[in-house]
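The values are calculated or read from the model by the stated rules, or taken from the named source; none is laboratory data. Model, not experiment: these values are computed from the prediction. Cβ coordinates were reconstructed from backbone atoms using ideal geometry, including for glycine residues, and neighbour counts include every protein chain displayed.
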Amino acid sequence: MSSEGKAKIVTTHVLQEMKLKKEKIAMLTAYDYSMARIIDGAGIDIILVGDSASNVMAGFDSTLPITLEQMIYHGQSVVKATKRAFVVVDMPFGSYQGNSKLALTSAIRIMKETGADAVKLEGGREIIESVDRILSAGVPVMGHLGLTPQSINKFGTYVVRARDEDEADKLVEDAHILQDAGCFSIVLEKIPAKLGAQVARDLTIPIIGIGAGPGVDGQVLVIHDMLGITQEFSPRFLRRYLNLDVAMTGAVKSYIKDVKNVSFPNEKEQY
Ligand code: KIV
């Protein structure tokens with residue numbers, strides 16, 4: 001909110017100012033209209049239409065299967081509900097790696113068909129041609145380093161990344177490469193807190209962490225995880241603000257009971 005109490009639209013410029021003022025950036029994922037309406041109304045700064053939709057919306061065990069069409073569908077639903085937040089759509093696996101022309105075509109489809117504000121890509125130097133090409137079309141790009149779930153088959157595990165010096169050095173170099181290319185922000189996933197703080201200090205663009213400690217410029221969580229809808233996923237970095245699985249199960253059980261014993265609908269709940 002501005003000092004006049006009016007809702008302020010979040011832009012890349014606003015996010016950059018937040019970094020300069022040391023005001024932390026709050027980011028959450030959303031994949032549908034109703035969830036996006038609630039978190040936008042609550043004042044979230046960035047909404048990420050994450051490819052984690054593949055896990056939490058579609059039930060796959062990785063982010064690899066989700067398609068560009070499906071990401072566009074989720075993006076459209078979120079953008080329709082969003083009045084204030086900056087909306088970033090993840091480019092799905094196979095829509096940008098190793099082919100910068102395809103990357104540009106995919107990014108333009110996302111921007112045209114969803115109305116989102118930016119796209120996010122996973123990787124550093126190995127995807128820089130794609131990043132350059134997308135940026136050349138005027139599309140803001142958010143980077144993503146550290147644990148990059150689209151490369152899970154290369155890593156073979158979801159353990160903390162960049163614990164050793166070589167990988168940490170490569171991550172710092174990649175962060176600089178992305179910043180120099182023109183990315184407006186970078187997500188750092190599941191890396192040591194010290195390294196997260198170092199990257200946020202070294203770089204001038206906002207660094208958003210998920211499992212990257214408190215020294216970065218903002219935090220992101222998957223909405224289903226922080227609301228306790230997912231139960232099976234419990235990494236150390238996750239704080240659950242609700243236990244919606246239990247609350248919803250209780251509500252559904254009450255409804256079933258009320259239907260079975262005909263206490264729903266009552267006299268006031270009929271015409
Ligand atoms: O897809 C996603 O939800 C993400 C976040 C974990 C950053 O990329």
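Remarks
Yes/no per residue for (1) farther than 27 Å from I44 by Cα; (2) not polar (S, T, N, Q):
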{"residue": "S95", "(1), (2)": "yes, no"}
{"residue": "G98", "(1), (2)": "yes, yes"}
{"residue": "V119", "(1), (2)": "no, yes"}
{"residue": "L135", "(1), (2)": "no, yes"}
{"residue": "V141", "(1), (2)": "no, yes"}
{"residue": "G156", "(1), (2)": "yes, yes"}
{"residue": "A175", "(1), (2)": "no, yes"}
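- P192 vs. criteria away from the ligand (no atom under 16 Å from the Cβ), modelled with pLDDT of 95 or more and over 16 Å from L145 (Cβ atoms): no
- Of the residues making up the stretch 140-173, those that are part of a helix (DSSP H, G or I) and within 16 Å of the ligand (Cβ to nearest atom) number 6.
- Among residues of the stretch 117-139, those that are away from the ligand (no atom under 16 Å from the Cβ) and either surrounded by fewer than 22 Cβ atoms within 10 Å (Cβ to Cβ) or outside the structural domain of A200 (by TED's automatic domain parsing) (or both), counted: 11
- Contacts under 9 angstrom Cβ, first residue in the stretch 226-248 being in contact (Cβ under 8 Å) with a residue 12 or more places away in the chain, partner of a type in the set (K, R) and surrounded by fewer than 17 Cβ atoms within 10 Å (Cβ to Cβ), 6 or more apart: M226/R239; M226/R240; L227/R240; G228/R240
- Given (1) assigned to a loop (DSSP other than H, G, I, E, B); (2) in contact (Cβ under 8 Å) with a residue 24 or more places away in the chain, index of the condition E129 fails: (1)
- Verdict on T67 being on the phi < 0 side of the Ramachandran plot, among the polar types (S, T, N, Q) and surrounded by fewer than 16 Cβ atoms within 10 Å (Cβ to Cβ): yes
- Residues that are of a type outside the set (A, V, I, L, M), outside any helix (DSSP H, G or I) and within 16 Å of the ligand (Cβ to nearest atom) within the stretch 99-116 are absent altogether.
- Restricting Q219, Q179 to residues that are within 16 Å of the ligand (Cβ to nearest atom), touching a strand residue (DSSP E or B) at 6+ places or on another chain (Cβ under 9 Å), of a type in the set (S, T, N, Q) and in the same structural domain as D132 (by TED's automatic domain parsing) narrows the list to Q219.
- Qualifying positions in the stretch 48-62 - more than 8 Å from the ligand (Cβ to nearest atom) and in a loop (DSSP other than H, G, I, E, B): M57, A58, G59, F60, D61, S62
- Matching residues, the stretch 23-47, being within 11 Å of the ligand (Cβ to nearest atom) and of a type in the set (F, W, Y): Y31
- Y96 vs. criteria more than 25 Å from H13 (Cα to Cα) and free of Cβ contacts under 8 Å to residues at least 12 places away in the same chain: no
- Count of residues meeting criterion [of a type in the set (K, R) and within 22 Å of D225 (Cα to Cα)] in the stretch 56-102: 0
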